[in-house]
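Note sheet for the following structure.
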Amino acid sequence: MTRANLIFAALLAVLLPLSLFAGRVWINPFADVGAVADADNIGLILMELRMPRAILAVVIGAGLGAAGAAMQGYLRNPLADPGLFGIAPMAALGAVASFWIGVTWVLPIFALIGAGLGMALLAAIAGRTPSGAGGGIALFTLAGLMIASLAGTLTALAITMAPNAFAMSQIVLWLNGALTDRSWDEVWIAAPLTVVGLGLLFIAARSLDALTLGEDTARSMGVNPSRLLLILVGGVGLTIGAGVAVAGIIGFVGLIVPHLVRPLTNKMPSSLLVPSALAGACLVLLADSLVRILPFVTELRLGIMLSLIGAPFFLWLLLRMRKGEL
Amino acid sequence: MKLACDTLTLSRGGELVVNRVTSRFEAGHITAVVGPNGAGKSSLLQGLAGLIEPAHGNVMLGDQDIASILPATRAKHIGYLPQNAEIAWDVSVRNLIALGRHPHGDAAVAPVEAAINVMQLERLRDTPATRLSGGERARVLLARVLAGTPNWILADEPLAALDLAHQVTLIDHFKTCAKEGAGVVIVLHDLALAMNHADRVVVMHKGRMITRGAPRNALASDVIEKAWGVKTRWIGVPGQRALATLGM
């Protein structure tokens, strides 16, 4: 196990139980269960509220972290974020559609359909670059940005034309991302899709290393750009789509985490994937624990918390880039 | 293993960049591809490496059309060094050279260490590759190709960023590779290097191969005048030729 994997696995091993015990109701793990008056309630809080929430945080964080590392490796750009490439906004658009029609139990399905459409569009536009024509990655980036822009506009349209004020507030709240009141149902939706997505990203790992030397060299080393793009679209689409389907938009994790991890690795894109998944899990778990214990009247949304952390971090990255440190 | 192209025609963005080039490249030889800017040298090299789908004709590697060979298999046989290879991440020299094993899917140490030794990069082994000088970078990128132990080395202006001493080292190493049986095809701008060190020369002009053969024939003054539009005369003795320009 590499140093980065060890560090973030140990951190996760500490954070996971902590997140189970932290919250509006603090649970003392060392208390004598027989002496606790409401032991049943505590068991309920642990198993039905905090456990699925913590597992979702781990699953979604792992997906976002690994997808971020993969996208930065693919685009050879430390400022790449999986959210920029249309799949998350398309998933959000699908989810918003379910609020719009007032049938929220189909939300995860609509979100996954949205993510699937985003993936299909991206693959159809960018995946057909004729061999040797060049511009594959540029085309992918532009296509992703345009899909994101279109999905964002349609989401804004859906908000402004919401059938009633309640639906509008639900949409806006949901778009900010949260793990509040999530159950095992959401875990069973997100976990298998994320696992498959992570599997695809790990399949792409060696090709991402070859891309370190540019597209032409990678192709000469046997990388099939069309196949790589499809694997990545599938991997990123499943991990991001699954996350958005159960938790809404959670930004910045995919951007920040690879930067936290990179100094602890040999900088090869493949060496970032596992530690980025672990670090992403740690970050989302930590942020979700914080939103639960911060003394606000209503719980702060997870997406807002991560953006509050992420935006200043992004600015710091830009400053480092300006100084030539990146 | 032979490498040959037959009426190879390549286009980029609808423009013909290589026009019906037929040639056979010999294993165990250094072939220099020369020509004025925009002659199609780099495109020809990419076509030979199987990186551009021919608009017409084909490239044969051994007895197989290169288009029918799996990219990973092709990469084991052909090591390609592009003109302006980028290095995206701050990886160490050793890890970058080890990428040469990518087509083989292994982490063999011996060929990587051999490439490091040959390119005299022991001192830079742990240096981040993005902090190298132009010459060091060129040597590291070529070492990456060598670590793959390919049958064919196709290098696009590999000497361009090197000082004289490293040019000589690299040329000597290409000769060693050729002696050991590899085929070497290099794009060169320096006609004297081609004249003195190549076994064969291919002269490209406006996408067409206007001549090929032994350096003294392919780089005759009349050929240079036809392709470059410059009157020249070779001076010196064989193996130590220099090109004197006599005007346009």
So, first residue at negative phi and in a loop (DSSP other than H, G, I, E, B) in region B:223-242, second residue modelled with pLDDT of 90 or more and loosely packed, with under 13 Cβ neighbours inside 10 Å, Cβ within less than 8 Å, six or more apart or across chains; the pairs are B:PRO238/B:ARG216; B:ARG241/B:ILE235
Is there a residue being within 14 Å of chain B (Cβ to nearest Cβ), in contact with a strand residue (DSSP E or B) (Cβ under 9 Å, 6 or more places away or on another chain) and within 30 Å of B:SER11 (Cα to Cα) anywhere in region A:113-129? no
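Yes/no per residue for (1) among the hydroxyl-bearing types (Ser, Thr, Tyr); (2) part of a helix (DSSP H, G or I); (3) at positive phi:
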| residue | (1), (2), (3) |
| --- | --- |
| B:THR130 | yes, yes, no |
| B:ALA138 | no, yes, no |
| B:PRO150 | no, no, no |
| B:LEU162 | no, no, no |
Specify which of the listed residues (B:ASN217, B:ASN196) is over 20 Å from B:LEU44 (Cα atoms) and touching a residue at least 24 places away in the same chain (Cβ under 8 Å). B:ASN196
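Tell me, which strands (runs of 3 or more DSSP E) lie completely within region B:1-80 with 1 or more residues that are within 13 Å of another protein chain (Cβ to nearest Cβ)?
Fully inside region B:1-80 and qualifying: B:3-12, B:15-25, B:56-61.
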From the list B:ALA155, B:ALA160, B:ALA143, pick out the single residue that is over 25 Å from B:ARG74 (Cβ atoms) and in contact (Cβ under 8 Å) with a residue 40 or more places away in the chain. B:ALA160
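So, of the residues in region A:178-214 that are within 9 Å of chain B (Cβ to nearest Cβ) and of a type outside the set (Gly, Ala, Ser), which turns out to be farthest from the chain's Cα centre (by Cα)?
A:LEU213
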Please determine whether any residue of region A:131-139 is open to solvent by 40 Å² or more (accessible area, probe 1.4 Å), within 22 Å of the chain's Cα centre (by Cα) and at pLDDT 80 or above. no
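May I ask you to verify whether A:LEU272 is surrounded by 24 or more Cβ atoms within 10 Å (Cβ to Cβ), within 14 Å of another protein chain (Cβ to nearest Cβ) and in contact with a helix residue (DSSP H, G or I) (Cβ under 6 Å, 6 or more places away or on another chain)?
On the way: surrounded by 24 or more Cβ atoms within 10 Å (Cβ to Cβ): yes; within 14 Å of another protein chain (Cβ to nearest Cβ): yes; in contact with a helix residue (DSSP H, G or I) (Cβ under 6 Å, 6 or more places away or on another chain): yes.
So A:LEU272 passes the test.
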Residue tally, condition open to solvent by 70 Å² or more (accessible area, probe 1.4 Å) and under 18 Å from B:ASP163 (Cβ atoms), over region B:108-130: 2
For region B:84-114, name all the residues that are among the charged types (D, E, K, R), without any contact (Cβ under 8 Å) to a residue 12 or more places away in the chain and more than 8 Å from chain A (Cβ to nearest Cβ). B:ASP106, B:GLU113
Say whether the condition of being touching a strand residue (DSSP E or B) at 6+ places or on another chain (Cβ under 6 Å), over 25 Å from A:ALA124 (Cβ atoms) and at pLDDT 90 or above is met by at least one residue in region A:216-238. yes
Is it the case, given these coordinates, that A:GLY61 is closer than 22 Å to A:GLY152 by Cα, at pLDDT 80 or above and in a helix (DSSP H, G or I)? no
Please go through region A:66-115 and pick out each residue that is under 18 Å from A:THR239 (Cβ atoms) and of a type in the set (D, E, K, R). A:ASP81
Would you mind finding the one in B:ARG74, B:ARG101 that is under 17 Å from A:SER270 (Cα atoms) and open to solvent by 10 Å² or more (accessible area, probe 1.4 Å)? B:ARG101
A:PRO263 passes all but one of (1) open to solvent by 10 Å² or more (accessible area, probe 1.4 Å); (2) within 14 Å of chain B (Cβ to nearest Cβ); (3) closer than 22 Å to A:LEU139 by Cβ; which number fails? (3)
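The values are calculated or read from the model by the stated rules, or taken from the named source; none is laboratory data. Just so we're clear, the structure is a prediction, and the values are computed from it rather than from any experiment. Cβ coordinates were reconstructed from backbone atoms using ideal geometry, including for glycine residues, and neighbour counts include every protein chain displayed. Protein only, heavy atoms only, side chains kept; ligands, DNA and RNA dropped before computing areas. Shrake-Rupley method; radii C 1.70, N 1.55, O 1.52, S 1.80 Å.
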